[in-house]
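Trainee: Sharing a structure with you now.
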Amino acid sequence: MIQFPPNFLWGAATSAYQVEGHNVNADWWSWEKQAGKENSGAACRHYELYQQDFDLAQNLNHHAHRLSIEWSRIEPKEGEFSQPELKHYIDVIGALRARHIEPMVTLHHFTNPLWFSASGGWEDRRCVGRFLRYCDVVVRALAKHVRYWMTINEPTVYFSHAYIYGVWPPQAKSYLKAKAVHDHLALAHIKAYPLINKIYKESNLPKPFISISQHIQAMVPCAPHLRNRLAVSLRDKWFNFELLDQFMRHKTMDFIGVNYYSRQLVDVGSWWIGHLLMDVCSKNHDPVKKNSLGWDIYPQGLYQVLLKLKKYNLPVIITENGICTPDDNLRWEYLYNHLKNVHLAMQEGVHVTGYLYWSLLDNFEWDKGFGPRFGLVDIDYRTYKRTVRESARKFAQVCKTGILEA
Ligand code: IFM
């Protein structure tokens, strides 16, 4: 039997664009049509059905829920802020509070208002000021009801997919642009941190907890020779920990938000920097089960990642961890084994204070559309009927008791 501490935050996460539906002023909305991708359309209709969804979360004993604010709803035109949409999110957060569920709010989760992208997006140096203006409005409106903020979700995933691999809007393939976007996202967080604190201070509210959600992969060398080990440490530094190091230097993190899914098997063909940074093993000599997107299931990687975070000496919240699969037994196996590894890391002194499964609901998985099923709750996209999965019920027991039965 494994016992987690009493005040551990248990729950699940979502993001606005992936569940709400009809985010017509977002850059993704026009891009998915223009690029011929599956359209997000009504998504899960969570914008209207959030009360019902939070009833489910409450019945599943969740006491934390991570959600994001859709910037393009709040500021559909530059400088014009929508009071009804702000009121909507106040209601959403009120609905969580009414169910004794702690809201954890992300300010930027991959999507941008169309006007923002059309005028340079995160490449243009005006982006930081624009983001801060939006943060100011949202945080002032929600401060009374929110204690946990994540400024930006997975900045490294965002700039690599959108500006290096070119698979997300604006589909650039440019290291120069990616570098500019990286620097702007970092600066946006560094400046948002004191801004959020200032708003709380002015409103006589207790200091909030602020971080980002950083996507971290376990970097695993195939053969532990020098070149592979060098590649692992470069990738750890640049992709996993560089932003966290920067934010630590600026003292702009109150906890570390970690999104963990899988490992990267590192097998490098030459000393060229491109290979050191990108080569992955294709030999399948260490086969493990995979999710429906083909990502390796590697629970011990979460333990390894958590131990690497120990040096920061900050509380850690797993802000995402989950699996897309049609096999719900595999979902529970995934959850169970990852929680076991979280507990192991805690026994070795990593101060983990919460775990949020990705995701509460099946949802729109970006360029992959609605195929991948990450949810604790199944969505029938024809009727929008919600059906709680068996894995969700098992997880509900853990949320209730803090005990992971063997
Ligand atoms: O669905 C995404 C989410 O938006 C960010 N983290 C990873 C999830 C699964 O790919």
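Trainee: Give the relative contact order (percent, whole number) for the stretch 115-253; include only Cα pairs under 8 Å separated by 6+ residues.
Mentor: Working: 147 pairs, mean separation 38.4, N = 139.
For the stretch 115-253, the relative contact order is 28 percent.
Trainee: Okay, moving on. Which one, Leu114, Gln217, His250, projects farthest toward the positive side of the charge dipole computed for the stretch 96-255 from Cβ point charges (K/R +1, D/E -1)?
Mentor: His250
Trainee: Quick one: which of 200-212, 351-363, 283-295 comes out on top by average Cβ neighbours within 10 Å, and what's the full order, highest first? Let's see the in-between values first.
Mentor: Details: 200-212: 16.2, 351-363: 24.4, 283-295: 12.7.
Averaged packing, sorted descending, gives the order 351-363, 200-212, 283-295.
Trainee: Under a straight-distance cross-link criterion of Cα-Cα below 16 Å, which aspartates and glutamates are reachable from Lys179, leaving out those fewer than 8 residues away in the same chain?
Mentor: Within the straight-line limit of under 16 Å, Lys179 reaches these aspartates and glutamates: Glu123, Asp124, Glu154, Glu242.
Trainee: Please report the net charge: other residues with Cβ closer than 11 Å to the Cβ of Tyr336, K and R +1, D and E -1.
Mentor: Values: positive: Arg331, Lys340, Lys394; negative: Glu333, Glu405.
Overall, the nearby charge balance is +1.
Trainee: Let me ask you something else. Order these peptides, 31-39, 262-270, 105-113, 145-153, by their mean beta-carbon neighbour count within 10 angstrom, highest first. It would help to have the intermediate numbers written out before the result.
Mentor: Numbers: 31-39: 13.8, 262-270: 19.3, 105-113: 24.8, 145-153: 22.7.
Final packing ranking: 105-113, 145-153, 262-270, 31-39.
Trainee: With +1 on the Cβ of every Lys and Arg and -1 on the Cβ of every Asp and Glu, and nothing else charged, how large is the dipole of the stretch 150-296 about its Cα centre, in debye rounded to the nearest 20?
Mentor: Details: 17 positive and 11 negative charges, 32 e Å.
I would put it at about 160 debye.
Trainee: Averaging sequence separations of C-alpha pairs under 8 Å and six or more residues apart, then dividing by the length of the stretch 77-151, give the relative contact order as a whole percent. Numbers along the way, then the final one.
Mentor: On the way: 43 pairs, mean separation 36.9, N = 75.
Relative contact order, the stretch 77-151: 49 percent.
Trainee: On to the next question. Run down the aspartates and glutamates and flag those whose C-alpha is under 20 Å from the C-alpha of Lys385, throwing out any fewer than 8 positions away in its chain.
Mentor: The qualifying aspartates and glutamates are Glu20, Glu48, Asp53, Asp55, Asp327, Asp328, Asp362, Glu365.
Trainee: Roughly how many nanometres apart are two label points built 7 Å out from the Cα toward the Cβ at Lys33 and Ala223?
Mentor: Here the modelled spin labels are 5.3 nm apart.
Trainee: Next up: For the chain, which DSSP H helices look membrane-span-like by this rule: Cα extent along the axis of 18 Å or more and mean Kyte-Doolittle of at least -0.5?
Mentor: Values: long enough: 46-59 (20 Å, -1.29); 83-98 (22 Å, -0.06); 127-142 (22 Å, 0.96); 175-202 (40 Å, -0.11); 328-347 (29 Å, -0.81).
Qualifying helices: 83-98, 127-142, 175-202.
Trainee: Indicate the gyration tensor shape class of the chain (rounded, prolate or oblate), computed on the Cα atoms with a ≥ b ≥ c the square roots of the eigenvalues: a/c under 1.5 is rounded; otherwise a/b larger than b/c is prolate and the rest oblate.
Mentor: Numbers: a/c = 1.30, a/b = 1.09, b/c = 1.19.
Since a/c stays below 1.5, the shape of the chain is classed as rounded.
Trainee: Quick query: amide H of His65 versus all other amide H atoms, modeled in the peptide plane; which residues come in under 5 Å with a sequence gap of 5 or more or a different chain?
Mentor: Glu102, Met104
Trainee: Follow-up question, since we're still on this one. Placing +1 at every Lys and Arg Cβ and -1 at every Asp and Glu Cβ, with all other atoms neutral, what dipole size does the chain have around its Cα centre, in debye to the nearest 20?
Mentor: Values: 47 positive and 40 negative charges, 162 e Å.
The calculated dipole for the chain is roughly 780 debye.
Trainee: Using Cα pairs closer than 8 Å and at least 6 residues apart in sequence, work out the relative contact order for the chain, in percent. Intermediate results must be reported in sequence, preceding the final value.
Mentor: Working: 768 pairs, mean separation 80.0, N = 406.
It rounds to 20 percent for the chain.
Trainee: Evaluated at 25 °C with a viscosity of 0.890 mPa s, what Stokes-Einstein diffusion coefficient in µm²/s does the stretch 127-207 have when Rh comes from the Kirkwood expression over alpha-carbon pairs? Write out the running numbers ahead of the final one.
Mentor: Values: Rh = 13.8 Å.
Taking Rh from Cα pairs, D becomes 178 µm²/s.
Trainee: Same structure again: Measure up Lys310/Lys394; Lys289/Lys340; Lys37/Lys290; Lys340/Lys394 against 20 Å on the Cα-Cα distance and list the ones that go over.
Mentor: Working: Lys310/Lys394 29 Å; Lys289/Lys340 17 Å; Lys37/Lys290 24 Å; Lys340/Lys394 14 Å.
In this structure, Lys310/Lys394; Lys37/Lys290 exceed 20 Å between Cα atoms.
Trainee: Additional query: Could you give the dipole magnitude of the stretch 268-406 about its Cα centre, charging the beta-carbon of Lys and Arg +1 and that of Asp and Glu -1, in debye to the nearest 20?
Mentor: Numbers: 17 positive and 15 negative charges, 52 e Å.
That gives a dipole near 240 debye.
Trainee: Here's another thing I want to ask about it. Taking a cut-off of 18 Å between Cα atoms, list the lysines near Lys201, but don't count ones fewer than 8 places away on the same chain.
Mentor: Excluding near neighbours in sequence, the set is Lys144, Lys191, Lys251.
Coordinate-derived values only; no laboratory data. Keep in mind that this is a model prediction, so the values were computed, not measured. Virtual Cβ from ideal backbone geometry, glycine too; neighbours counted across all protein chains shown.
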